[in-house]
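Colleague: Have a look at this one.
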Amino acid sequence: MDILLISVIAVIVIALIFDFTNGFHDAANSVATVVATRALPAKWAPAFSAFFNFVAYFVVGTFVANTIAKTVKAEYGGVALAFAALFAAIAWNYFTWRVGMPSSSSHAIIGGLVGAGIAAGGLDAIDVGSVTKAALGIVISPAVAFSIAFLAFYLVLGVQKATKWHDDHPVFKGAQLVSAAAVSFGHGANDAQKTMGVIAALLLGAGYTDLQDDGSIMVPEWAAFAAYAAIALGTLWGGWKIIETMGLRLTTLHANSGLAANIGATTSIFGATSLGVPISTTHAAASSIVGAGVGSGKGANWKVIGEMFTAWVITIPAAGIMGFAMYHLTQLPTIAAWISVGAVTLLFGIWAVWAMLHTVHASDIEKEIPGDAELAEPLPGHPHMEGHGPVD
């Protein structure tokens with residue numbers, strides 16, 4: 001077995017580790033609303049979401065994977081570039097997860113690819129079309145998700161007025177589960193493909209595959225299966241710090257507003273996936289929660305939202321800088337490269353394992369979920385809307 005093949009296999013393993021971090025980092029996209037409204041016990045929510053993450057494998061194609069794979073032009077790709085991009089994305093995911101900040105795994109990998117690509121070949125190495133498509137998704141998907149969730153709440157409110165159901169009626173909780181399953185499916189469908197795209201680009205750059213006649217990159221079946229399995233396992237692990245932020249700190253959710261939030265997220269994610277646009281499912285889900293909270297009159301925690309928006313803005317440049325720096329470390333003379341890259345990777349790995357062993361879990365989050373009396377109160381400064389509170 002030659003050194004190139006060993007290196008490719010090692011980087012594929014790292015790509016799947018990134019996919020695992022994507023799963024636990026973005027688990028909140030699917031389960032934050034059902035956990036916050038007690039539609040599903042916290043301890044069961046990750047398994048519920050992970051199942052639908054994986055089901056997407058049997059349905060969805062590879063349009064998003066090809067967009068990611070073409071971020072850096074094929075002639076500049078290879079093992080070093082893929083490693084540098086993946087290390088940057090994984091590091092950013094762990095950092096933002098540790099502080100409980102819902103940033104984008106998608107933008108982290110795009111930033112890592114762009115940074116490593118510029119280090120490898122300057123701006124000429126970057127496929128402007130693919131990056132532009134991703135950039136449009138950054139701007140459009142949160143706006144679409146917020147707007148649809150805001151409007152969906154009024155549709156749900158109309159049903160309430162006709163039926164006299166209260167905010168946490170079992171029908172709304174049941175509909176929340178169905179819509180959360182759809183968000184989980186969409187998360188798997190869009191985000192697992194990003195890892196598939198990195199693996200496909202790696203194989204192309206290393207000479208193990210070729211472009212097809214239509215200009216697309218073939219994604220091996222084993223890569224697709226592995227990517228969906230890895231993201232599902234990550235979701236199963238939980239990532240409770242970000243679930244805590246999205247479910248409990250952005251706004252106050254009831255089953256009716258949680259349903260509206262899921263409708264907004266699902267519409268945005270499914271629309272983008274069908275167009276091959278690698279959007280941030282985190283941005284879509286968080287924006288939907290805020291839209292539903294504002295629509296319901298519960299308001300929003302604008303301080304937390306401001307911190308979240310800051311993380312959104314700096315994700316691509318931060319990951320880009322790390323990808324740029326790591327690529328240059330790989331280009332040092334052989335012994336220096338092995339020592340420097342090995343030391344950075346080892347130290348980061350030790351910290352990441354420590355962080356995973358010292359984090360909050362489902363039982364901790366369940367203690368924070370407000371009871372009925374607390375849910376009845378809006379956030380300070382945001383009067384509760386009349387006409388859709390609990391009905392006796």
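Colleague: May I ask you to verify whether residue 43 is in contact with a strand residue (DSSP E or B) (Cβ under 9 Å, 6 or more places away or on another chain) and either charged (D, E, K, R) or within 29 Å of residue 254 (Cα to Cα) (or both)?
Modeller: no
Colleague: Follow-up question, since we're still on this one. Across the range 315-356, what is the total count of residues that are touching a Phe, Trp or Tyr at 6+ places or on another chain (Cβ under 6 Å) and more than 17 Å from residue 115 (Cα to Cα)?
Modeller: Residues that pass the stated criteria total 1.
Colleague: May I pose another question? Quick one: what pairs do we get from the range 68-94, first residue touching a residue at least 40 places away in the same chain (Cβ under 8 Å), second among the acidic types (Asp, Glu), C-beta under 8 Å, 6+ apart or different chains?
Modeller: Qualifying pairs under 8 Å: 70/127; 71/127; 72/127; 73/124; 73/127.
Colleague: Restrict the check to the range 31-39 and report whether at least one residue is without any contact (Cβ under 8 Å) to a residue 12 or more places away in the chain and in a loop (DSSP other than H, G, I, E, B).
Modeller: No, the range 31-39 has no match at all.
Colleague: If you don't mind, another one. Would you be able to say whether some residue in the range 125-137 is among the acidic types (Asp, Glu), outside any helix (DSSP H, G or I) and within 21 Å of residue 325 (Cα to Cα)?
Modeller: Looking for residues that are among the acidic types (Asp, Glu), outside any helix (DSSP H, G or I) and within 21 Å of residue 325 (Cα to Cα), one finds at least one in the range 125-137, hence yes.
Colleague: Scan the range 90-111 for residues that are out of contact with any Pro (no Cβ under 8 Å at 6 or more places or on another chain), in a helix (DSSP H, G or I) and more than 14 Å from residue 227 (Cβ to Cβ) and jot them down. Don't jump to the end; show me each part of the working.
Modeller: Within the range 90-111, the subset out of contact with any Pro (no Cβ under 8 Å at 6 or more places or on another chain) is 90-95, 97-105, 107-109.
Narrowing further to those that are in a helix (DSSP H, G or I): 90-95, 97-98, 105, 107-109.
Passing the criteria: 90, 91, 92, 93, 94, 95, 97, 98, 107, 108.
Colleague: Out of the residues in the range 275-302 that are over 17 Å from the mean Cα position of the chain (by Cα) and either at pLDDT below 90 or not in a helix (DSSP H, G or I) (or both), state the one that is surrounded by the most Cβ atoms within 10 Å (Cβ to Cβ).
Modeller: Filtering first and then ranking leaves 298.
Colleague: Just checking, which of 147, 130 is under 30 Å from residue 116 (Cα atoms) and of a type outside the set (A, V, I, L, M)?
Modeller: 130
Colleague: OK, next. Please go through the range 157-195 and pick out each residue that is crowded, with 24+ Cβ neighbours inside 10 Å and among the β-branched types (Val, Ile, Thr).
Modeller: 183, 195
Colleague: Within the bounds of the range 74-89, is there any residue that is under 30 Å from residue 169 (Cβ atoms), among the aromatic types (Phe, Trp, Tyr) and not in a loop (DSSP other than H, G, I, E, B)?
Modeller: No, the range 74-89 contains no residue that is under 30 Å from residue 169 (Cβ atoms), among the aromatic types (Phe, Trp, Tyr) and not in a loop (DSSP other than H, G, I, E, B).
Colleague: Under 7 Å between Cβ atoms, at least 6 apart or on separate chains: pull out the pairs that start in the range 41-67 with a residue that is more than 11 Å from residue 236 (Cβ to Cβ) and end on any residue that is hydroxyl-bearing (Ser, Thr, Tyr) and crowded, with 21+ Cβ neighbours inside 10 Å.
Modeller: If the second residue must be hydroxyl-bearing (Ser, Thr, Tyr) and crowded, with 21+ Cβ neighbours inside 10 Å, the pairs left are 52/184; 56/228; 57/228; 60/273; 64/273; 67/130.
Colleague: Additional query: Regarding residue 20, is this residue touching a Gly at 6+ places or on another chain (Cβ under 6 Å), buried (at least 21 other Cβ atoms within 10 Å of the Cβ), under 27 Å from residue 356 (Cα atoms) and not β-branched (Val, Ile, Thr)?
Modeller: Judged against the criteria, residue 20 is a match.
Colleague: Identify, please: which residue in the range 122-150 is of a type in the set (S, T, N, Q) and under 15 Å from residue 271 (Cβ atoms) and is, among those, surrounded by the fewest Cβ atoms within 10 Å (Cβ to Cβ)?
Modeller: 147
Colleague: Answer with yes or no whether residue 68 is touching a Pro at 6+ places or on another chain (Cβ under 7 Å), closer than 24 Å to residue 285 by Cβ, outside any strand (DSSP E or B) and not polar (S, T, N, Q).
Modeller: So residue 68 passes the test.
Yes or no, residue by residue, for (1) closer than 19 Å to residue 272 by Cβ; (2) in contact with a His (Cβ under 8 Å, 6 or more places away or on another chain); (3) of a type in the set (Ser, Thr, Tyr); (4) surrounded by fewer than 24 Cβ atoms within 10 Å (Cβ to Cβ):
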residue: 48; (1), (2), (3), (4): no, no, no, yes
residue: 55; (1), (2), (3), (4): yes, no, no, yes
residue: 60; (1), (2), (3), (4): yes, no, no, yes
residue: 64; (1), (2), (3), (4): yes, no, no, no
residue: 67; (1), (2), (3), (4): yes, no, yes, no
residue: 71; (1), (2), (3), (4): yes, no, yes, no
residue: 74; (1), (2), (3), (4): no, no, no, yes
residue: 88; (1), (2), (3), (4): no, no, no, no
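The values are calculated or read from the model by the stated rules, or taken from the named source; none is laboratory data. Quick caveat, the model's predicted, so the values are computed rather than measured. Here the Cβ is made from the backbone with ideal geometry for all residues, glycine too, and neighbour counts use every protein chain on show.
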